[in-house]
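J.: Below you will find the structure I want to go over with you.
The values are calculated or read from the model by the stated rules, or taken from the named source; none is laboratory data. These numbers come from a predicted model, not from an experiment. Note: ideal-geometry Cβ built from the backbone for every residue, glycine included; neighbour counts use all protein chains shown.
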Amino acid sequence: MSTPVKVAVTGAAGQIGYSLLFRIASGSLLGPDTPVQLRLLEITPALKALEGVVMELDDCAFPLLAGVETGDDPNVVFDGANIALLVGARPRTKGMERGDLLEANGAIFKPQGAALNAHAADDIKVLVTGNPANTNALIAKSNAPDIPAERFNALTRLDHNRALAQLAAKTGSTVNDITKMTIWGNHSATQYPDVFHSEVNGRNAAELIDDQDWLESTFIPTVQQRGAAIIAARGASSAASAANATVDHMRDWVLGTPEGDWVSMAVPSDGSYGIAEGIITSFPCTTAGGAYNIVQGLELNEFSRAKIDASVAELQGEREAVQALGLV
Ligand code: NAX
């Protein structure tokens with residue numbers, strides 16, 4: 001067996017953590033031949049609960065789990081990490097303004113970015129799931145000047161997977177029949193799920209559906225509001241599906257996307273599609289050899305352009321807000 005890959009997870013005692021850790025330890029993240037060491041970060045009051053989760057990890061006797069370290073100091077937990085899944089974040093509570101939310105998360109992601117910069121392995125890849133994911137990733141990236149910027153991603157794969165499921169249901173197909181789905185923009189209600197380049201069994205999805213009203217009034221709002229619908233039904237936010245999407249994103253980043261398809265990843269913009277450089281926004285991406293490329297040359301119709309611009313404008317607003325707070 002090869003040397004264990006060190007996978008750091010923050011918010012490890014939370015809801016998503018409870019699904020995520022077992023998937024990683026079972027081999028879903030890096031495949032059946034790669035042992036992993038889990039390095040779990042929590043805030044001090046949650047360390048006791050984390051102890052219980054670690055007991056359950058022990059009790060699974062996962063052959064690939066080469067060890068578990070826990071702690072409340074990112075400088076220790078991120079030591080030597082090859083992969084960091086930043087899940088723990090400060091949720092929005094009643095009466096909290098956007099500025100308060102960004103400031104509270106800045107207090108988490110600024111020191112975590114600095115700790116990654118100082119202690120992670122040279123090949124570190126960072127994926128932020130904790131909301132507001134795109135801007136939290138921007139804060140972490142900005143505080144890690146020695147780590148290449150493109151190693152900081154945020155999660156829009158859950159939105160991508162939700163869009164696949166909705167399109168499959170509409171077209172009477174399965175998710176296996178669908179390729180080239182794209183989520184553009186922010187992981188928020190302004191995100192734009194785009195089917196104009198998607199294919200269902202090789203046929204253009206928008207042409208196949210031929211129903212702009214369904215796209216505008218059903219598909220897009222259903223995907224955008226899916227998180228709220230799950231909270232309304234379950235009484236708690238998406239956890240297993242969020243953990244699954246976190247695994248999907250990082251697995252594909254490390255192991256590659258299939259030929260002829262792409263995935264949605266929120267990555268630092270290089271100016272592609274005229275999107276402001278530096279913000280972390282969702283694009284269609286292919287991956288190979290542990291690196292990703294933003295898919296180039298897609299034609300955007302007026303409808304898509306307006307939707308993308310609106311979501312990007314929201315991200316630019318968030319960037320200005322965290323700049324004003326001195327977080328980036
Ligand atoms: P929970 O509240 O169940 O768990 C969060 C955990 O993070 C808690 O155990 C808490 O103690 C820990 N934590 C807080 N601050 C920390 C810090 N500084 N260092 C380490 N750990 C810390 O939330 P959960 O349901 O697991 O969701 C986690 C995050 O994912 C939230 O921000 C949530 O909004 C976000 N989500 C993101 C999604 C996405 O698609 N990007 C979808 C699902 C989810 O809503």
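J.: Looking at (1) in a loop (DSSP other than H, G, I, E, B); (2) farther than 19 Å from residue 316 by Cα, which is the one condition that is false for residue 111?
T.: Answer for residue 111: the failing condition is (1).
J.: While we're here: Inside region 13-99, counting only strands (runs of 3 or more DSSP E) that do not spill past its ends, which hold 1 or more residues that are β-branched (Val, Ile, Thr), buried (at least 23 other Cβ atoms within 10 Å of the Cβ) and more than 14 Å from the ligand (Cβ to nearest atom)?
T.: Result: 36-41, 83-86.
J.: Go over the candidates 318, 277 one by one and state the one that is charged (D, E, K, R) and in contact with a helix residue (DSSP H, G or I) (Cβ under 6 Å, 6 or more places away or on another chain).
T.: Going through 318, 277 in turn, the sole match is 318.
J.: Would you please list the contacts, defined by Cβ atoms under 9 Å and residues six or more apart or on different chains, that run from a residue in region 105-117 that is in the same structural domain as residue 83 (by the TED database) and near the ligand (Cβ under 10 Å from one of its atoms) to a residue that is of a type in the set (Val, Ile, Thr) and assigned to a helix (DSSP H, G or I)?
T.: Sorted first by the residue in region 105-117, then by its partner, the pairs are 105/135; 105/139; 105/322; 108/139; 109/135; 109/139; 112/139.
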